[in-house]
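Q: The structure under discussion is supplied below as structure tokens; questions concerning it will follow.
The values are calculated or read from the model by the stated rules, or taken from the named source; none is laboratory data. Everything quoted here is computed from the prediction, not taken from an experiment. Neighbour counts run over all protein chains shown; Cβ positions are idealised from the backbone, glycine included.
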Amino acid sequence: MSPSSTRSTRRQSDGKLAALRLHHALNPKARAVRDPAFTAGTPFFDARDLVQVKYEMLRRARQEGQPVSQAAAAFGFSRPSFYVAQALFEKAGLPGLLPQRPGPRQAHKLAEVVVDFLEQQLTEDTTVRVSQLVRRLQERFSLEVHPRSVERALERRRKRGALSPVSPVSPVAPARSETSSRVGS
């Protein structure tokens with residue numbers, strides 16, 4: 001193999017690795033894959049590709065009749081993980097094998113009644129600081145909330161057009177020695 005083709009293959013590999021990371025599809029247990037198709041060194045089968053590994057594991061058991069425990073072990077998974085992948089595949093097909101984004105899918109920290117309370121506080125006093133709103137939430141609802149969560153909730157409300165234009169959320173700006181911001185002004 002010439003040096004230029006080696007560099008080209010390496011760039012393609014680096015690009016695939018970056019894409020797998022970007023889509024959360026990089027197999028964290030790639031070294032645990034012992035299936036011959038993946039260990040033979042062919043470029044098509046890539047143990048780093050989590051979706052491909054899961055699909056081949058399911059195919060091996062379903063189409064080739066390999067026992068679930070053997071298939072799971074050969075591909076670096078447990079039997080329960082096999083069954084989870086199987087259920088996801090049966091429900092959604094190949095897209096079901098794509099790893100789900102980690103973390104919450106939508107805003108979930110502050111209920112509407114809490115954001116209503118924040119808006120009321122801003123209406124009553126447009127110079128109130130986010131740190132003061134956080135304290136008021138603690139007193140009223142016994143909620144421990146980060147100031148940035150308050151800002152984001154109010155910003156979402158403002159974008160939806162529900163927050164009065166008198167009280168826009170300003171970014172966090174240092175005030176004296178603290179980093180709390182004014183909301184409104």
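Q: With the condition being crowded, with 17+ Cβ neighbours inside 10 Å and modelled with pLDDT of 95 or more, I'd like the helices (runs of 4 or more DSSP H) fully within segment 25-140 carrying at least 2 qualifying residues.
A: 50-64, 68-74, 79-92
Q: Still on this structure, I have one more. Give the residues of segment 48-72 that are more than 17 Å from Glu90 (Cα to Cα) and among the hydroxyl-bearing types (Ser, Thr, Tyr), sorted by residue number.
A: Across segment 48-72, the qualifying residue is only Ser69.
Q: Could you tell me which numbered condition Ala175 fails, if it satisfies all but one of (1) at pLDDT below 90; (2) surrounded by 13 or more Cβ atoms within 10 Å (Cβ to Cβ); (3) touching a strand residue (DSSP E or B) at 6+ places or on another chain (Cβ under 9 Å)?
A: Evaluating Ala175 over (1) at pLDDT below 90; (2) surrounded by 13 or more Cβ atoms within 10 Å (Cβ to Cβ); (3) touching a strand residue (DSSP E or B) at 6+ places or on another chain (Cβ under 9 Å) leaves (2) as the failure.
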